[in-house]
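The values are calculated or read from the model by the stated rules, or taken from the named source; none is laboratory data. These numbers come from a predicted model, not from an experiment. Every residue, glycine as well, gets a Cβ built from its backbone with ideal geometry; the counts of neighbours run over all protein chains shown. Each accessible area value is taken on the protein alone, full model and side chains, heavy atoms only, with ligands, DNA and RNA left out. Shrake-Rupley method; radii C 1.70, N 1.55, O 1.52, S 1.80 Å.
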Amino acid sequence: MTSKTDKTSLRQLWDEYKRSNPTVRTREIAKHLNVSEAELVASACDGAGTVRLNGEWEKIFKSLEDLGPVMALTRNESAVHEKTGVYRNVSFEGHAGLVLDEQIDLRVFHKRWGSGFALPVENPQGTLHSFQFFDKQGSAVHKIYVKDPSVLDRYREIVQTFRSGDQSPGLDVQIEKSEKSGKSREEVDRASFLKSWSELKDTHDFIPMLRTYKVERLHALELAEGRFSQEVGNGTVHGVLEKAAGDEVSIMVFVGNRGMIQIHSGPVHKIRMKGDWLNVLDSTFNLHLRQDLIHRSWVVEKPTEDGIVTSLELFDDNGDQIVTVFGARKPGIPEDPSWTGLINEHKTTEAV
């Protein structure tokens, strides 16, 4: 636990670093200062416009529709998913919440959150007003940026409504720990596991199946290789996105972390590489993917009552999911044959 003096010093170090490096993002400054991003943001409470929120995540999310179109951002270490839309159809039940707008499509694991703040963010276009949410370890799970200046009064009302009574600088976070606790591949009854896989009725049954067998997702794909999965080259995602854009195939792009999953459903158009970053740069959807951090890539098939559903799943060197891509579809409707053909083409040409 750090002292208040330490927390005050952290704010001073942040200010000094920003003056010397005005274009560096808060996330990178936090790494440089060897603290979590949430600790760095919290050091600016009680001044400079940063407000700690009171933890009523469900009520906060249900108030966001009043802000109209905003930019939602969810990221992990290797990918950033940005989507513009309205926070409609917000609901929470038990350990999870949903936002189900045509544009903003989220799976919210708010029980894993530890802190949230409202704060101004300076960028070349001016000041952006934001809500930012962090897990108990201090890593960012979700950020929301106001786009319409005419709703700033409503934004400020929401901030005041959910303002925490504690606005002291600083934040105590939990020690980072691995959540992986699955069996090794050798400990899993492969025949029984694959039989259960073959009997899936819905893609949402996949995670419960993994829990039943106590197997991590990447190990599951290894167990199913040759039956329901095939490892492919790590450049496959670039080719898939280019082909989807060129052939106007609508897709679903999932990016998540321990506290949030964010989904794009629809076409993609502008695919660009810049250095190590593979980018989708469309008007309401941006994806930024560190292609050099993709460690393994798999094409995966899951049986459902609507037929086989095929995905491309990317993992980092820790075995954590980076991005998952599906063909866009609705429940009750079979997979689009154009997506099946596209992904099978790459499965053949990009096999490892």
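Residues of the stretch 57-115 being assigned to a loop (DSSP other than H, G, I, E, B), in contact (Cβ under 8 Å) with a residue 40 or more places away in the chain and polar (S, T, N, Q), which ones?
Passing the criteria: 76, 78, 103.
Which residues, taken from the stretch 146-175, are in a strand (DSSP E or B) and buried (at least 18 other Cβ atoms within 10 Å of the Cβ)?
In the first step, residues of the stretch 146-175 are kept if they are in a strand (DSSP E or B); the result is 146, 163.
Passing the criteria: only 146.
For residues in the stretch 186-204 being open to solvent by 60 Å² or more (accessible area, probe 1.4 Å) and assigned to a helix (DSSP H, G or I), which is nearest to residue 302 (Cα to Cα)?
204
Could you list all residues from the stretch 60-109 that are open to solvent by 60 Å² or more (accessible area, probe 1.4 Å) and of a type in the set (D, E, K, R)?
Scanning the stretch 60-109 gives 62, 65, 66, 77, 88, 93, 102, 107.
Among the numbered criteria (1) closer than 24 Å to residue 334 by Cβ; (2) open to solvent by less than 50 Å² (accessible area, probe 1.4 Å), which single criterion is violated by residue 235?
(1)
What's the number of the condition residue 245 fails, among (1) under 18 Å from residue 315 (Cβ atoms); (2) free of Cβ contacts under 8 Å to residues at least 40 places away in the same chain; (3) touching a His at 6+ places or on another chain (Cβ under 8 Å)?
All conditions are met except number (1).
Looking only at residues in the stretch 116-129 that are open to solvent by less than 10 Å² (accessible area, probe 1.4 Å) and small (Gly, Ala, Ser), which one is farthest from residue 295 (Cα to Cα)?
Top of the filtered list is 118.
Select, from 154, 112, 163, the only residue that is of a type in the set (D, E, K, R) and more than 19 Å from residue 41 (Cβ to Cβ). Show your work before the answer.
Details: 112 fails: more than 19 Å from residue 41 (Cβ to Cβ); 163 fails: more than 19 Å from residue 41 (Cβ to Cβ).
That would be 154, the only listed residue that is of a type in the set (D, E, K, R) and more than 19 Å from residue 41 (Cβ to Cβ).
Sort through 20, 9 and tell me the only one that's polar (S, T, N, Q), out of contact with any helix residue (DSSP H, G or I) (no Cβ under 8 Å at 6 or more places or on another chain) and open to solvent by less than 50 Å² (accessible area, probe 1.4 Å).
Numbers: 20 fails: open to solvent by less than 50 Å² (accessible area, probe 1.4 Å).
Going through 20, 9 in turn, the sole match is 9.
(1) open to solvent by less than 10 Å² (accessible area, probe 1.4 Å); (2) assigned to a helix (DSSP H, G or I); (3) in contact with a helix residue (DSSP H, G or I) (Cβ under 8 Å, 6 or more places away or on another chain); (4) not β-branched (Val, Ile, Thr): which one isn't true of residue 278, the others all being true?
Failing condition for residue 278: (2).
From the list 237, 215, which residue is more than 26 Å from residue 337 (Cα to Cα) and either touching a residue at least 60 places away in the same chain (Cβ under 8 Å) or in a loop (DSSP other than H, G, I, E, B) (or both)? Talk me through it step by step, then tell me what you get.
Values: 237 fails: more than 26 Å from residue 337 (Cα to Cα).
None of the others qualify; the one that does is 215.
Do you know which residues across the stretch 242-263 are closer than 17 Å to residue 342 by Cβ, crowded, with 18+ Cβ neighbours inside 10 Å and under 17 Å from the mean Cα position of the chain (by Cα)?
251, 253
Which of the residues spanning the stretch 297-330 are free of Cβ contacts under 8 Å to residues at least 60 places away in the same chain, loosely packed, with under 15 Cβ neighbours inside 10 Å, under 22 Å from residue 198 (Cβ atoms) and out of contact with any strand residue (DSSP E or B) (no Cβ under 7 Å at 6 or more places or on another chain)?
307
Can you pull out the residues in the stretch 321-352 that are more than 15 Å from residue 250 (Cβ to Cβ) and modelled with pLDDT under 95?
First pass over the stretch 321-352, keeping only residues more than 15 Å from residue 250 (Cβ to Cβ): 321-324, 331-332, 344-352.
Scanning the stretch 321-352 gives 331, 332, 344, 345, 346, 347, 348, 349, 350, 351, 352.
For the stretch 19-38, indicate whether the set of residues that are assigned to a strand (DSSP E or B) and not hydroxyl-bearing (Ser, Thr, Tyr) is non-empty. Can you show your working first?
If we filter the stretch 19-38 for residues that are assigned to a strand (DSSP E or B), which is where we start, we get none.
No, the stretch 19-38 has no match at all.
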